[in-house]
Every structure is written in C-alpha cells, then in structure tokens.
Amino acid sequence: MKFIYRRIVLKISGEVIKSFNNNQFSTCIIRDIIQDIQYLVKHGIQISIVIGGGNLFRGATLSKFGINRVTADYIGMLSTVINGLFLKELFNKVNISSCLMSSLCINSICQPYNLDQALEHLSNSVVMIFCGGIGQPCFTTDSVACLKAIETRSEIIIKGTKVNGIYSKDPEYNQDSILYHQLNYNDVLRYEFKVMDLTAFILARDYKIPIYIFNIGHNRALRRILRGCNEGTIINDSMKDIS
Ligand code: UDP
C-alpha cells in the first residue's frame, strides 16, 4: 500500500468529540477516525495527535465571564488534558499503543513532554497524544500542532474539522462556492481564509509545513488523504495562485 506521508500530526479540535446533541463527550465521530488511525499505524504511519479543548473550555470564552485571561487559558489547557485522557482510553479499548504527554506539569496522570521519548515512541509505532497546549497562556492548540510538527519533523499537519475544506465563499449561503483542493500560504493570508489562528499559520508557512483541512466526519477520509486522494484542501508553498 502506497502512502504519500510517513509521519503526520493530526490536530483534533475539542468540537470533534462533542456530540451532535451537545454532550461534551461523544464517541460518534472519533470512533471512525480511531479506525483509520489503527489502520494507518498497522501500515507504518507515525502519528502524533494534538488535542484541543474547545468542547469544554476556551480561554477567550471564559474571560468574557470575568475570569482573568491567564487563569482562563490554564483552564483551557486543562480541558485538553481531560480530552487527552478520554482519547487515550478510547485507544486502549481497541489496543492501539499510545502515549499521552503534557506540556503542563500533571505528572500523576500523563507523562511530561519529552521530545526524545516522543520520537522513540513514534518510531516504535506508538501514537503520541500531546495535551496541555504548550503549557503557556495566550496560545491555541493550532500553534501546538505546528510546533509539534516542527519538533517531530513531521511532513504535514492534518486538521480535522466539521467542514469539507476551504471554500471560495460560505457554502451554506452560496450555492456557487468552490471547494479549493490546493492553496498556497499567501492566498490564505490575502483572502483571509479561516484555516487556523494566525500565529500558528505563520509558523507553518515559515517552516514550509503543509496544512491539510478536511472533514473529520467523512468515513475513512484520513487514509484517503495519506493515499493522495483529493479529500479537502491542502495549503503549501505551491506557486499556483487562485487570483
Ligand atoms: N490554550 C492555551 N495555551 C496553549 C493551548 C491552549 O492557553 O498552548 C488554551 C486556550 O485558552 C484555548 C484552550 O486552551 O482556548 C483550548 O484550546 P483550543 O481553543 O485550541 O481548542 P480547540 O478549539 O482546538 O478545541
């Protein structure tokens, strides 16, 4: 079986583990992606997952209720740890070897972040789950995904969302909107397409790490992306311009 990437970072937002009826935890979407991960690990793909916390708490939202922004961000980071534990438990149930590392110090429930150990785990087919953000306020887990991709020398950041990719216009209101299969970093900036937060995006651009946006609810989408199928939108430094 041919795959076009060998080492990837998969960013899973907290929203993805929220159910359709707004329960904070649900396995309905994540179950399919876990099957894909199991399949890919069996075929030698090395996978790091960066887990978000938006199904529980986001710093920006909490601060609107009068909570100090720094404290609010720590609450957000703790949410990613909770999601990491949830994800690890789902992996355990289907016998996928995984390791949960946190950049926040919570050593009794997950290992402290250590790059050498993470690289060793990846080369031994252990799925890495990174939680606790970067351990500092004022960032999002999109930035964590970019940093982990740089640190682990991963070939691509694959961001699972609830949309199919990047459209020319909002597809919900514009029937003539086009789904772009490929964009370059500059197009994303010029047309202000929402891919990830700007700090994270600039980091990916500067280190020339491609970003793939896809609909995580599409069955077996992850394995199709790794086989090179057109599944969503890839952003890279290709010279193709949409203007
Ligand atoms: N966060 C932070 N520093 C980090 C990563 C995350 O302060 O390095 C906080 C921030 O408040 C953020 C929350 O954790 O809103 C949850 O992360 P994120 O919003 O990225 O989750 P997602 O939207 O991906 O579910």
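Quick one: in the range 26-37, of everything that is in contact with a strand residue (DSSP E or B) (Cβ under 9 Å, 6 or more places away or on another chain) and not in a loop (DSSP other than H, G, I, E, B), which residue is nearest to the ligand (Cβ to nearest atom)? Lay out the reasoning, then the answer.
Here is the first cut: in the range 26-37, the residues in contact with a strand residue (DSSP E or B) (Cβ under 9 Å, 6 or more places away or on another chain) are 29-30, 33, 37.
Still in the list and also not in a loop (DSSP other than H, G, I, E, B): 30, 33, 37.
Details: 30: 13, 33: 15, 37: 18 Å.
Only one residue fits best here, namely 30.
Please list, ordered by first then second residue, the pairs with beta carbon atoms under 9 Å, 6 or more apart or interchain, first in the range 192-208 and closer than 12 Å to residue 139 by Cα and within 12 Å of the ligand (Cβ to nearest atom), second assigned to a loop (DSSP other than H, G, I, E, B) and β-branched (Val, Ile, Thr).
196/140; 197/140; 199/140; 200/140
Of the numbered conditions (1) aliphatic (A, V, I, L, M); (2) free of Cβ contacts under 8 Å to residues at least 24 places away in the same chain; (3) closer than 26 Å to residue 69 by Cα, residue 144 fails exactly one; give the number of that condition.
(2)
Residues checked against (1) among the acidic types (Asp, Glu); (2) out of contact with any helix residue (DSSP H, G or I) (no Cβ under 9 Å at 6 or more places or on another chain); (3) surrounded by fewer than 20 Cβ atoms within 10 Å (Cβ to Cβ); (4) modelled with pLDDT under 95:
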{"residue": "13", "(1), (2), (3), (4)": "no, no, no, yes"}
{"residue": "17", "(1), (2), (3), (4)": "no, no, no, yes"}
{"residue": "25", "(1), (2), (3), (4)": "no, no, yes, yes"}
{"residue": "33", "(1), (2), (3), (4)": "no, no, no, yes"}
{"residue": "44", "(1), (2), (3), (4)": "no, yes, yes, no"}
{"residue": "47", "(1), (2), (3), (4)": "no, no, no, no"}
{"residue": "63", "(1), (2), (3), (4)": "no, no, yes, no"}
{"residue": "76", "(1), (2), (3), (4)": "no, no, no, no"}
{"residue": "100", "(1), (2), (3), (4)": "no, no, no, no"}
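For residues that are surrounded by 15 or more Cβ atoms within 10 Å (Cβ to Cβ) and modelled with pLDDT under 95, scanning just the range 152-163, find the one that is nearest to residue 50 (Cα to Cα).
Among those that are surrounded by 15 or more Cβ atoms within 10 Å (Cβ to Cβ) and modelled with pLDDT under 95, it is 160.
If you take the residues of the range 58-79 that are within 21 Å of residue 30 (Cα to Cα) and not in a loop (DSSP other than H, G, I, E, B), which of them is farthest from the ligand (Cβ to nearest atom)? Quick ask: steps written out before the conclusion?
Residues of the range 58-79 within 21 Å of residue 30 (Cα to Cα): 58, 76-79.
Then keep just the ones that are not in a loop (DSSP other than H, G, I, E, B); that gives 76-79.
Values: 76: 3, 77: 5, 78: 8, 79: 6 Å.
Among those residues, the one meeting the criterion is 78.
Take residue 106 and tell me if it is modelled with pLDDT under 95, surrounded by fewer than 20 Cβ atoms within 10 Å (Cβ to Cβ) and either in contact with a helix residue (DSSP H, G or I) (Cβ under 7 Å, 6 or more places away or on another chain) or on the phi < 0 side of the Ramachandran plot (or both). Even if it seems obvious, please write down each step before you answer.
Working: modelled with pLDDT under 95: yes; surrounded by fewer than 20 Cβ atoms within 10 Å (Cβ to Cβ): yes; either in contact with a helix residue (DSSP H, G or I) (Cβ under 7 Å, 6 or more places away or on another chain) or on the phi < 0 side of the Ramachandran plot (or both): yes.
When the stated conditions are applied, residue 106 passes them.
So, in the range 55-111, exactly how many residues are more than 26 Å from residue 126 (Cβ to Cβ), small (Gly, Ala, Ser) and touching a residue at least 12 places away in the same chain (Cβ under 8 Å)?
Summing the residues that are more than 26 Å from residue 126 (Cβ to Cβ), small (Gly, Ala, Ser) and touching a residue at least 12 places away in the same chain (Cβ under 8 Å) in the range 55-111 gives 4.
Condition test on residue 97, is it within 10 Å of the ligand (Cβ to nearest atom) and among the small types (Gly, Ala, Ser)? Working first, answer last.
Working: within 10 Å of the ligand (Cβ to nearest atom): no; among the small types (Gly, Ala, Ser): yes.
So residue 97 fails the test.
Could you say whether any residue in the range 133-155 is more than 27 Å from residue 85 (Cα to Cα) and either away from the ligand (no atom under 16 Å from the Cβ) or more than 17 Å from the chain's Cα centre (by Cα) (or both)? Full working, then the answer.
Going residue by residue through the range 133-155, those that are more than 27 Å from residue 85 (Cα to Cα) are none.
No, the range 133-155 contains no residue that is more than 27 Å from residue 85 (Cα to Cα) and either away from the ligand (no atom under 16 Å from the Cβ) or more than 17 Å from the chain's Cα centre (by Cα) (or both).
Every residue in the range 44-57 that is within 7 Å of the ligand (Cβ to nearest atom) and within 16 Å of the chain's Cα centre (by Cα), please. Step through it out loud before you land on a result.
Filtering the range 44-57 for residues within 7 Å of the ligand (Cβ to nearest atom) gives 52-55, 57.
If the condition is that a residue be within 7 Å of the ligand (Cβ to nearest atom) and within 16 Å of the chain's Cα centre (by Cα), then 52, 53, 54, 55 are the ones that fit.
The values are calculated or read from the model by the stated rules, or taken from the named source; none is laboratory data. Values in this document were obtained by computation on a predicted structure and should not be read as measured data. Backbone-built Cβ (ideal geometry, glycine too); neighbour counts: all protein chains shown.
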